[in-house]
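Colleague: If you scroll down you'll find the structure; I have some questions about it.
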Amino acid sequence: MIKNNSSSRVAVILGFYNGNKYILEQIDSIVCQTHKNISIFIFDDNSSKKIIKDEINERQKFKNQIKIITRKANIGYSKNFLHGLKEVKDNFDYYAFCDQDDIWEKDKIEEALRTLKNENKLTAYLYFSRTKYYNKDCTKEIGSSKIFKRPAVFRNAILQNIAGGNTIVLNNKAKEIISKTIKCKDYISHDWWCYLIVSAAGGKIIFNKKRTVRYRQHDDNLIGMNSSTFEKLKRLFSFISGKYKYWLDLNIRNLKQNEDIFSEENLKVLNFFSNARELRNPLRKFALFINSGVYRQSKIENIILTIGLLLNKI
């Protein structure tokens, strides 16, 4: 069991790159959390524009709990988050990822800790929730992230990421497992990797339907909201163009470098699916695919996936 929620120490890993425009609003929303035992680690990925350290330090309401780390070279947003997670000390109870331009609801961390209160410390836990989509000024709500109905397990993670990084909270065991895997050359995204690795290791993935983050939509977003028709068409194009196949190739290559952390069941899933992708005989390919048990969250996506597999497009 965890200690009393109010005493639980939370480390926030905030990925930063040329994000001065919105960073102060994000910092304020963290400082004003109902849960107070929070330390913020801002990892500046060698920005071309100097981070506004003085303004950040002036606005913090608790001394010495905001630390800015500037990287000597740009390593990309995925590795910046993952290496940041690894570099923060292990003496925290929980670790949360944070974007540079969102606004957190006041009870975001408290809600996560309440959900995780009965956890077993020997088990890795990855918690995530939903987000509210807002316009660039965060004055108008324009949508919400999806409610996922199928289980969040490795059989899903190998095909898609449903865990939004700006909502993720990890316990110390999950942090330990993920940190062991930060040895690959590149990653598609930090949140997808965390979902993959924690679930592959037999950890527990917890999805909270509550919306805890205001996700700002603007031209500089690396990843926009995925519920619009335009975004659905973009995902279809990624599938047709071979981009999705590249994502799977990279993830599977990275996963095979870390087979030692897999549960026996999930290692079978990985091998069945990766072998199915390599076969050219459609009957054998389909049989291995079915045996793997992998799935996406929607029926139509699973139909498209099956067709793509048989046409060697994934």
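The values are calculated or read from the model by the stated rules, or taken from the named source; none is laboratory data. Values in this document were obtained by computation on a predicted structure and should not be read as measured data. No Cβ is skipped: glycine too gets one built from the backbone with ideal geometry, and neighbour counts run over all protein chains shown. When the accessible area is computed, the model is the full protein with side chains, heavy atoms only, and any ligands, DNA or RNA have been set aside. Shrake-Rupley method; radii C 1.70, N 1.55, O 1.52, S 1.80 Å.
Colleague: When the stretch 123-169 is examined, which residues are found to be aromatic (Phe, Trp, Tyr), open to solvent by less than 20 Å² (accessible area, probe 1.4 Å) and part of a strand (DSSP E or B)? Break it down stepwise before answering.
Modeller: Start the filter on the stretch 123-169 by keeping residues that are aromatic (Phe, Trp, Tyr), which leaves 125, 127-128, 133-134, 148, 154.
The next check asks that each one be open to solvent by less than 20 Å² (accessible area, probe 1.4 Å); those that pass are 127-128, 133, 154.
Within the stretch 123-169, 127, 128, 133 meet the criteria.
Colleague: Restricting to the stretch 119-141, name every residue that is closer than 20 Å to residue 201 by Cβ and either over 17 Å from the mean Cα position of the chain (by Cα) or free of Cβ contacts under 8 Å to residues at least 24 places away in the same chain (or both).
Modeller: Restricting attention to the stretch 119-141, the residues satisfying the condition of being closer than 20 Å to residue 201 by Cβ are 119-128.
Listed by number, the residues that qualify are 119, 120, 121, 122, 123.
Colleague: Residue 286 fails exactly one of the following numbered conditions: (1) under 27 Å from residue 181 (Cβ atoms); (2) in a helix (DSSP H, G or I); (3) not aliphatic (A, V, I, L, M). What is the number of that condition?
Modeller: Result: residue 286 fails condition (1) only.
Colleague: While we're on this one: Please count how many residues of the stretch 82-106 are acidic (Asp, Glu) and open to solvent by 40 Å² or more (accessible area, probe 1.4 Å). First the steps, then the outcome.
Modeller: Taking the stretch 82-106 first, the residues acidic (Asp, Glu) are 87, 90, 93, 99, 101-102, 105.
Within this subset, residues satisfying the condition of being open to solvent by 40 Å² or more (accessible area, probe 1.4 Å) are 87, 90.
Qualifying residue count for the region: 2.
Colleague: Of the numbered conditions (1) of a type in the set (D, E, K, R); (2) modelled with pLDDT of 95 or more; (3) in a helix (DSSP H, G or I), residue 296 satisfies every one except a single condition; which is it?
Modeller: Condition (3) is where residue 296 drops out.
Colleague: Need the failing condition index for residue 221 against (1) closer than 26 Å to residue 99 by Cβ; (2) surrounded by fewer than 18 Cβ atoms within 10 Å (Cβ to Cβ); (3) modelled with pLDDT of 95 or more, just the number.
Modeller: (3)
Colleague: Right, another one. Tell me which residues, restricted to the stretch 1-59, are in a strand (DSSP E or B) and touching a residue at least 60 places away in the same chain (Cβ under 8 Å).
Modeller: Within the stretch 1-59, the subset in a strand (DSSP E or B) is 10-16, 38-44.
Hits for the stretch 1-59 are 10, 11, 12, 13, 14, 15, 16, 38.
Colleague: Out of the residues in the stretch 188-214 that are of a type in the set (S, T, N, Q) and in a strand (DSSP E or B), state the one that is most open to solvent (accessible area, probe 1.4 Å). Step through it out loud before you land on a result.
Modeller: Start the filter on the stretch 188-214 by keeping residues that are of a type in the set (S, T, N, Q), which leaves 189, 199, 208, 212.
With the extra rule that they be in a strand (DSSP E or B), the set shrinks to 208, 212.
Numbers: 208: 23, 212: 2 Å².
The extreme case among them is 208.
Colleague: Quick one: how many residues across the stretch 268-295 are free of Cβ contacts under 8 Å to residues at least 40 places away in the same chain and of a type outside the set (D, E, K, R)?
Modeller: We begin by selecting, within the stretch 268-295, every residue free of Cβ contacts under 8 Å to residues at least 40 places away in the same chain; these are 268, 271-272, 274-291.
Next, from what is left, pick out any that are of a type outside the set (D, E, K, R): 271-272, 274-276, 279, 281-283, 286-291.
Looking only at that region, the number is 15.
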